[in-house]
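Here's the structure, in structure tokens; my notes come after.
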Amino acid sequence: MGIFDKFRKGLEKSRSAVLGRLAGVFKASRLDETVYEEMEEALLASDVGVETSLWMVERVRKLAREKKVTSPEDLPACLKQAMEEALESADPSMNMAQDGPTIVMVVGVNGAGKTTSIGKLAYHYRQQGKKVLLAAGDTFRAAAIEQLVSWGERAGVEVVRHQQGADPAAVIFDGIAAAKSRKYDIVLCDTAGRLHNKAHLMAELAKVSKVASQALPGAPHEVLLVVDGTTGQNALTQTQMFSQVAPLTGIIVTKLDGTAKGGVVLPIVREYGLPVKWVGLGEQLDDMEPFSAESFASALCDV
């Protein structure tokens, strides 16, 4: 299955939600202000958010004028272009280290799919022939280490771990040291997912980041936030909260195949300037895909 087909299949529920609400808009007898008002309401109902919905409607209106569109049935192509422009404002490519292993810190609240995402990323890079190491830095949550070890076994990669309650920074340091000595390409670092005490989490993430940079200058090369796509606008709230406590470089959106709220990807990118770098489009090991603005917009707009 090609990348576009994966996006189309994974975003089926979101596409139905967006196009289901817009079906009447695109079938209107004439293109007038009512059409744009209904488009705005449809986008709002699809978890695109107020600010981004307003921006997109205005962009579609301008594109329609530029392209001399006179019929609402020609608006999907304009909507697709507006989506792509909103999503292309941030570069989705991964920042890979030029010398030594690439260190990726993965953060997010418990339940968002953080451990699963790490396992799938490990599998993705291993399939590319990369040597991947996992560091079990979530030493706070019961069974978090065991879960990561289980995913490591499924992906066929080694896991550096200490006992529950150990210093997370020490685990990350040992992981980076092991990767340097054994010539690994990528280290994926799990971190604690609690947010009930932001000050404590901020201190912990800052310490982990500092230790990583001491172990390897320039690390971490990526700090990726995992958000659950099924939570809609709550994913925006988590992006805002974590951007205050960690130097985020990108987003992983999970469970997009199980939700009609995929539109939330648009305000995450446009309003926070953070690229969505990976999306979870299914339950299988190979269902974590690099994000493509074109494939996402095409799948949602059915164009």
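The values are calculated or read from the model by the stated rules, or taken from the named source; none is laboratory data. Note that the coordinates shown come from a computational prediction; the quantities given were computed from them, not determined experimentally. Here the Cβ positions follow ideal geometry from the backbone for every residue, glycine too, while neighbour counts run over all protein chains shown.
Consider segment 173-226. How many of its residues are hydrophobic (A, V, I, L, M, F, W, C) and touching a Ser or Thr at 6+ places or on another chain (Cβ under 8 Å)? Counting residues in segment 173-226 that are hydrophobic (A, V, I, L, M, F, W, C) and touching a Ser or Thr at 6+ places or on another chain (Cβ under 8 Å) gives 10. Checked against the criterion of being of a type in the set (Ser, Thr, Tyr), crowded, with 22+ Cβ neighbours inside 10 Å and touching a helix residue (DSSP H, G or I) at 6+ places or on another chain (Cβ under 9 Å), the candidates THR191, THR231 yield just one match: THR191. Within segment 135-166, the set of residues being acidic (Asp, Glu), in contact with a Gly (Cβ under 9 Å, 6 or more places away or on another chain) and farther than 16 Å from TYR123 by Cα comprises ASP138 only.
Residues are listed down the side, and each one gets a yes or a no for (1) among the aliphatic types (A, V, I, L, M); (2) under 15 Å from GLY100 (Cβ atoms):
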site	(1), (2)
LYS131	no, yes
VAL160	yes, no
ILE186	yes, yes
GLN214	no, yes
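With LYS207, LYS180, LYS255 as the choices, which residue is over 22 Å from LYS131 (Cα atoms), among the basic types (Lys, Arg) and surrounded by fewer than 19 Cβ atoms within 10 Å (Cβ to Cβ)? Checking each option against the conditions leaves just LYS207. Selection over segment 53-105 of residues that are surrounded by 22 or more Cβ atoms within 10 Å (Cβ to Cβ) and under 18 Å from the mean Cα position of the chain (by Cα) gives a count of 6.
Can you confirm whether ILE103 is touching a His at 6+ places or on another chain (Cβ under 6 Å), within 20 Å of ALA170 (Cα to Cα) and of a type in the set (A, V, I, L, M, F, W, C)?
Considered against the rule, which asks whether it is touching a His at 6+ places or on another chain (Cβ under 6 Å), within 20 Å of ALA170 (Cα to Cα) and of a type in the set (A, V, I, L, M, F, W, C), ILE103 comes out as yes.
Consider LEU121 carefully, then state whether it is at pLDDT 95 or above, under 29 Å from GLN233 (Cα atoms) and buried (at least 16 other Cβ atoms within 10 Å of the Cβ). Against the criterion (at pLDDT 95 or above, under 29 Å from GLN233 (Cα atoms) and buried (at least 16 other Cβ atoms within 10 Å of the Cβ)), LEU121 qualifies. For ILE145, the stated conditions do not hold, so it cannot be described as over 22 Å from the mean Cα position of the chain (by Cα) and touching a residue at least 24 places away in the same chain (Cβ under 8 Å).
The rows are residues; the columns are (1) in a helix (DSSP H, G or I); (2) without any contact (Cβ under 8 Å) to a residue 60 or more places away in the chain; (3) more than 25 Å from GLY273 (Cβ to Cβ); (4) not hydroxyl-bearing (Ser, Thr, Tyr).
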position: ARG154; (1), (2), (3), (4): yes, no, yes, yes
position: HIS162; (1), (2), (3), (4): no, yes, yes, yes
position: GLY165; (1), (2), (3), (4): no, yes, yes, yes
position: GLY175; (1), (2), (3), (4): yes, yes, yes, yes
position: LEU201; (1), (2), (3), (4): yes, yes, no, yes
position: PRO220; (1), (2), (3), (4): no, no, no, yes
position: LEU224; (1), (2), (3), (4): no, no, no, yes
position: THR237; (1), (2), (3), (4): yes, yes, no, no
position: PRO247; (1), (2), (3), (4): no, yes, no, yes
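Pairing each residue of segment 12-29 that is touching a residue at least 24 places away in the same chain (Cβ under 8 Å) with any residue that is surrounded by fewer than 17 Cβ atoms within 10 Å (Cβ to Cβ) and not in a helix (DSSP H, G or I), provided the two are 6+ apart or on different chains, yields C-beta distances under 7 Å for ARG15/ASP302; LEU19/ASP302. Annotation note: Cβ proximity below 8 Å between a residue of segment 39-68 that is within 16 Å of GLU271 (Cβ to Cβ) and a residue that is at pLDDT below 95 and not in a helix (DSSP H, G or I) (sequence gap 6+ or interchain) occurs for SER46/ALA260; SER46/LYS261; ASP47/GLY232; ASP47/LYS261; MET56/VAL48.
Within the set ARG65, ARG59, the sole residue that is in contact with a helix residue (DSSP H, G or I) (Cβ under 6 Å, 6 or more places away or on another chain), charged (D, E, K, R), farther than 30 Å from SER213 by Cα and modelled with pLDDT of 90 or more turns out to be ARG59.
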